[in-house]
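Have a look at this one before I ask anything.
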Amino acid sequence: MRRSPYSPGANLNPAEDFRKMRRIIAEDPDWSLNIVPCLSKLCLQSIERNFEGKPIFEELTPIQKDFVQENLSTSLPLHVTANLISDGVYWKRCCEQRWDLCDVSHYGHSWKRMFFERHMETIIELFIPEVTEPKTVLVMVPLCKNYVKRLDISQLLPPIKEPQNEEEEEFGLELASDNEYDRPSLDHFDFNILLDKLTKLEELHLVYRVKQCGMNFEWKMFEMTTRDCESLAEALKSCKTLKLLKLHQSHIEDEKCRLLVKYLLDHPSLRELDFSHNLIGDKGARAIGKLLNRSKLEILNMCDNEIRGPGAKAIAHALSENSTLLSLNLRLNRLRDDGGQAIGKALLKNNTLLHLHLGGNEVTGPTAIALSKVLVQSNTLKSINLSCNNLGVDGGKALEEAMSHNTSVTECDIRLTEVDKQSVSFINQVVLTNQSLEQKRHAQES
């Protein structure tokens, strides 16, 4: 008897018997065997959808918190998320969605700190006096004050200039004096309303300028006004946690420098001051000298100003009595030998300065000789830069002789100084030897 091809014992070929290969296929492309998600996942999804109206986060387990952070909308209002969502994936998503470049290492590896610092910086940089409401800034303070440690302000906008009619253009000076009372209350953002409220602010970087001004360029866009200076000085005094102040490329001259220093005297926490690329002269340098002995400054950068001999002597006098300053940068000023020699004599009495930069100051041989005495007597100085000065052969010989007795200097830059090649080679060899000794000392200490 012939066996049925479909009997249980038959050897079937699935490719030939399509009836055995049929399956029920859902019309929904998202259909899966996991028909009902687990209840905990449904609850977390509900928390995400209703987070703005009823935020729940602290009650969740660490795994649940991670799930919520990965799926929560980044468009939620900051007053909901700022003090509730901890640092993590959510703030990383917020940063990467808003900015193309996000190097979290510059923010202590904290995404939340990055977000609030850059958010506050943007608000300040786009603030227009007499147009933007101060509450735009103030409303952010309770949300960000615990996370903002540094502000890097790359531009400050001036008030909007009202268009002038023909009569005003013709008699501009007379009308300007008559309408003085119509001027805005301040020329740029008023830091007085903010700094004392940022209780963890440690660094403030400021540039008074307008980026991408195009055909509307005016020199006034690139300078701090007197009223700006008064306001900022008062704000700096009220910010007791500030450790670093960098105020550069802002057209600061002597009077503004003296006003700022007046309010920085006896500041409890300031450790680094950078007034580089301004117009500070001898009067401002005298104020800086006073600040050196009425503060705890460790780093002072006065690069690219207009300090001459008298100003350098004032700084030198303060340096001879100072016991906290570790680094002094006077590059690209006009100290000449009067100022250079004064610095050298002061260092004979100073036992703390580690780094000195006098590059591009028109100093010559006498300054090199004065500093040579320091290199022989002191083992404190670690680096010295005299580049772009005409020290000459005699200056080079003096430095060569001094370095033969020195064991502490690990950096000595004498490029473009007209020093004899033999002297340069000897000094470089001593520097390499000192570097090796330094590395051995560190290895033994560790």
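The values are calculated or read from the model by the stated rules, or taken from the named source; none is laboratory data. Just so it is clear, the model here is predicted, and its values are computed rather than measured. Note: ideal-geometry Cβ built from the backbone for every residue, glycine included; neighbour counts use all protein chains shown. Ligands, DNA and RNA are stripped out before the accessible areas are found, and what is left, the full protein with its side chains, is counted by its heavy atoms. Shrake-Rupley method; radii C 1.70, N 1.55, O 1.52, S 1.80 Å.
Within segment 91-110, work out how many residues are open to solvent by less than 40 Å² (accessible area, probe 1.4 Å) and over 18 Å from Val148 (Cβ atoms). Even if it seems obvious, please write down each step before you answer.
Pass one, segment 91-110, residues open to solvent by less than 40 Å² (accessible area, probe 1.4 Å): 91, 94-95, 99, 102, 104, 107, 110.
The next check asks that each one be over 18 Å from Val148 (Cβ atoms); those that pass are none.
Residues meeting the conditions: 0.
Take the residues in segment 384-420 that are among the polar types (S, T, N, Q) and surrounded by 21 or more Cβ atoms within 10 Å (Cβ to Cβ); name whichever of them is nearest to Leu325 (Cα to Cα). Please lay out each step first, then the result.
So in segment 384-420, the residues among the polar types (S, T, N, Q) come out as 385, 387, 389-390, 404, 406-408, 410, 417.
Filter again for surrounded by 21 or more Cβ atoms within 10 Å (Cβ to Cβ), leaving 389, 406, 417.
On the way: Asn389: 24, Asn406: 21, Thr417: 27 Å.
Ranking the candidates gives Asn406 first.
Would it be correct to say that Thr367 is part of a helix (DSSP H, G or I) and under 21 Å from Met302 (Cα atoms)? Explain how you work it out, then say what you get.
Values: part of a helix (DSSP H, G or I): yes; under 21 Å from Met302 (Cα atoms): yes.
Spelling it out, Thr367 is indeed part of a helix (DSSP H, G or I) and under 21 Å from Met302 (Cα atoms).
Related question: What residue, of His357, His267, is in contact with a strand residue (DSSP E or B) (Cβ under 6 Å, 6 or more places away or on another chain) and in contact (Cβ under 8 Å) with a residue 24 or more places away in the chain? Working first, answer last.
Details: His267 fails: in contact with a strand residue (DSSP E or B) (Cβ under 6 Å, 6 or more places away or on another chain).
The unique qualifying residue is His357.
Which condition breaks for Leu244 when tested against (1) within 20 Å of Pro158 (Cα to Cα); (2) among the aliphatic types (A, V, I, L, M); (3) at pLDDT 95 or above?
(1)
A quick yes/no check of all residues on (1) farther than 30 Å from Glu362 by Cβ; (2) charged (D, E, K, R):
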site: Lys246; (1), (2): no, yes
site: His267; (1), (2): yes, no
site: Gly289; (1), (2): no, no
site: Leu300; (1), (2): no, no
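Report those helices (runs of 4 or more DSSP H) wholly inside segment 7-82 carrying at least 2 residues which are at pLDDT below 95 and open to solvent by 80 Å² or more (accessible area, probe 1.4 Å). Full working, then the answer.
Numbers: elements: 39-49, 62-71, 78-81.
Answer list for segment 7-82: 39-49, 62-71.
Between residues in segment 46-59 that are within 18 Å of Leu78 (Cβ to Cβ) and residues that are polar (S, T, N, Q), which pairs lie under 7 Å by C-beta distance while being six or more apart or on different chains?
As it stands, the answer is Glu48/Asn71, since those pairs meet every condition given.
Taking the condition open to solvent by 70 Å² or more (accessible area, probe 1.4 Å) and either assigned to a helix (DSSP H, G or I) or modelled with pLDDT of 95 or more (or both), does Gln439 pass? First the steps, then the outcome.
Numbers: open to solvent by 70 Å² or more (accessible area, probe 1.4 Å): yes; either assigned to a helix (DSSP H, G or I) or modelled with pLDDT of 95 or more (or both): yes.
Yes; evaluated as a whole, the condition is true for this residue.
While we're on this one: Return yes when Asp254 is acidic (Asp, Glu) and at pLDDT below 95 and no when it is not. So that I can check it myself, show each step before the final result.
On the way: acidic (Asp, Glu): yes; at pLDDT below 95: no.
So Asp254 does not fit the description; no.
Among Lys290, Lys313, which is the only one that is under 18 Å from Leu270 (Cβ atoms) and at pLDDT 95 or above? Lay out the reasoning, then the answer.
Values: Lys313 fails: under 18 Å from Leu270 (Cβ atoms).
Going through Lys290, Lys313 in turn, just one is under 18 Å from Leu270 (Cβ atoms) and at pLDDT 95 or above: Lys290.
Do you know which of the residues in segment 370-383 that are in contact with a helix residue (DSSP H, G or I) (Cβ under 8 Å, 6 or more places away or on another chain) and surrounded by fewer than 20 Cβ atoms within 10 Å (Cβ to Cβ) is nearest to Gly359 (Cα to Cα)?
If we filter segment 370-383 for residues that are in contact with a helix residue (DSSP H, G or I) (Cβ under 8 Å, 6 or more places away or on another chain), which is where we start, we get 370-376, 378, 381.
This time we only want the ones that are surrounded by fewer than 20 Cβ atoms within 10 Å (Cβ to Cβ), so: 373, 376, 378.
Details: Lys373: 19, Val376: 21, Ser378: 21 Å.
Result: Lys373.
Can I ask one more? Just name the residue that is modelled with the lowest pLDDT out of those in segment 124-140 that are surrounded by fewer than 16 Cβ atoms within 10 Å (Cβ to Cβ) and either assigned to a loop (DSSP other than H, G, I, E, B) or touching a helix residue (DSSP H, G or I) at 6+ places or on another chain (Cβ under 6 Å) (or both). Working first, answer last.
Taking segment 124-140 first, the residues surrounded by fewer than 16 Cβ atoms within 10 Å (Cβ to Cβ) are 126, 128, 130-136, 138-139.
Retained after the next criterion (residues that are either assigned to a loop (DSSP other than H, G, I, E, B) or touching a helix residue (DSSP H, G or I) at 6+ places or on another chain (Cβ under 6 Å) (or both)): 126, 128, 130-134, 139.
Details: Leu126: 95, Ile128: 93, Glu130: 89, Val131: 92, Thr132: 93, Glu133: 94, Pro134: 93, Val139: 95.
Only one residue tops the list, namely Glu130.
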